[in-house]
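The numbers here are math on the coordinates, done by the rules we state, and not lab data. Predicted model, so just to flag it, every value in this text is computed and none were measured. Glycine also receives a Cβ, built like all others from the backbone with ideal geometry; neighbour counts cover every protein chain displayed.
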């Protein structure tokens, strides 16, 4: 997995969520609006997982987490997408990052 591409995905997600990339990659779950940080992290993890078609453990290493965190992010994102229209819009804005051929994740 190319670290540069992961960083590009994180930058793209951070831009849409109006967060710093360091916050998404960080350990904290707390900011002035806690949920958007966690949601942005879930989205970045899932886009990375889809983009590289890798195992949960590889994605986890890129984010400094364990595979269970990636599995939880996938489950939570799938559940939230069922009823959160705001998240569905953001997901549709960002999920294309996983499928771009050149892996240039600038938004």
**OP:** Indicate the gyration tensor shape class of the stretch 3-98 (rounded, prolate or oblate), computed on the Cα atoms with a ≥ b ≥ c the square roots of the eigenvalues: a/c under 1.5 is rounded; otherwise a/b larger than b/c is prolate and the rest oblate.
**Re:** rounded
Subject >> Packing-based ranking, highest mean first, of 37-50, 80-93, 59-72, 7-20 given that Cβ atoms within 10 Å are counted >> reply: 37-50, 7-20, 59-72, 80-93
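Considering Cα pairs under 8 angstrom that are at least six residues apart, work out the relative contact order of the stretch 3-98 and quote it in whole percent.
Reported as a whole number, the value is 27 percent.
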Subject >> residue 96-residue 78 pseudo-label distance in nm [points 7 Å out on the Cα-to-Cβ vector] >> reply: 2.6 nm
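Looking at the square roots a ≥ b ≥ c of the eigenvalues of the Cα gyration tensor of the stretch 42-100, which shape do they give, rounded for a/c under 1.5, prolate if a/b is larger than b/c, or oblate? Walk me through the intermediate numbers first.
Values: a/c = 2.65, a/b = 1.42, b/c = 1.88.
It comes out oblate by the Cα gyration axes.
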